[in-house]
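Have a look at the structure below before the remarks.
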Amino acid sequence: MKGSKLPYFVHCSGVAATVSSTFQCQDAEVVAAAFLHDVLEKTRMTAKKLESLMGRRVMALVQMLTKPSRGNPKDYWERLREAGWEARLIKMADALDHLAEPSNKLPARIVTGHKTLALAFGKEREIQLAREVLSAALDNAVMSVVQESGDDRVHQTGANLTR
C-alpha cells in the first residue's frame, strides 16, 4: 500500500477477506475478483490472460473495477453505478480497506469512501451489510480526522457527496 511498508498483497487480501467475511459473500468468483480487483490496473496482466486463468465472470468483474488510464473519472463512477451488485460490493470493500491507510491520506480516502457509499443500493443482503459497515467506518474516520485536525470540512465534504 502506498505510504505503508506493507506489500500491496496485503491490500488485495484485505479486500477479499472483507468481501467474504465481513460482507458475508460466499460466491467464490466474487471473492476471487475481489482479490484480483487491481490486477489489470497495477500489473501487466491482460484481460484475455485473466479470463483464461480465472474465467469470464471474474475477468468481467475486475474489468468493471479497473480505472481507465485516461478519460473522465466521472465515467468510471457512472460505470460503477450501473454495475451489478457484485462489482459494487468489491468497490465498497476496497474503500473500507483504504480507510486503514496512513492518516495523511485519510481525508482523500473519506471523500472516495462517501462516493463509494452512494453505490450501496439494492436489496442484496451483502450490499445492505456493506452499507452499514462502510457507513460506520466512514463516520469513525471522519471523527478521527476531526479530532486530529479540529477541522470539520472533511465531514461536510463527505456528507455533501452523498446527497
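Here the stretch 79-103 is the region considered, the condition is being touching a helix residue (DSSP H, G or I) at 6+ places or on another chain (Cβ under 9 Å) and not in a helix (DSSP H, G or I), and the residue that is modelled with the lowest pLDDT is 101. Restricting the stretch 11-27 to residues that are closer than 10 Å to residue 96 by Cβ and not aliphatic (A, V, I, L, M), the residue that is surrounded by the fewest Cβ atoms within 10 Å (Cβ to Cβ) is 22. So, of the residues in the stretch 55-65 that are in contact (Cβ under 8 Å) with a residue 24 or more places away in the chain and crowded, with 17+ Cβ neighbours inside 10 Å, which turns out to be farthest from residue 119 (Cα to Cα)? Out of the qualifying residues, it is 58. Contact map, the stretch 126-144: first residue within 14 Å of residue 108 (Cα to Cα), second residue surrounded by fewer than 16 Cβ atoms within 10 Å (Cβ to Cβ) and not small (Gly, Ala, Ser), Cβ cut-off under 7 Å, separation 6 or more or different chains; the map is empty. Please indicate, with yes or no, whether at least one residue in the stretch 119-128 is under 12 Å from the mean Cα position of the chain (by Cα), assigned to a helix (DSSP H, G or I) and under 20 Å from residue 36 (Cα atoms). Taking every residue of the stretch 119-128 in turn, none turns out to be under 12 Å from the mean Cα position of the chain (by Cα), assigned to a helix (DSSP H, G or I) and under 20 Å from residue 36 (Cα atoms).
For residues that are of a type in the set (Phe, Trp, Tyr) and more than 24 Å from residue 128 (Cα to Cα), scanning just the stretch 1-59, find the one that is modelled with the lowest pLDDT. Here the residue is 8. Taking the criterion of being among the small types (Gly, Ala, Ser) and under 17 Å from residue 126 (Cα atoms), the residues of the stretch 1-54 that qualify are 14, 16, 17, 20, 21, 28, 32, 33, 34.
Of the residues in the stretch 106-113, not one is within 21 Å of residue 30 (Cβ to Cβ) and of a type in the set (Lys, Arg). Look at (1) outside any helix (DSSP H, G or I); (2) basic (Lys, Arg); (3) over 27 Å from residue 142 (Cβ atoms) and you find that residue 5 fails only one, number (3).
The values are calculated or read from the model by the stated rules, or taken from the named source; none is laboratory data. Just so you know, these numbers come straight off a predicted model, no measurement behind them. Neighbour counts run over all protein chains shown; Cβ positions are idealised from the backbone, glycine included.
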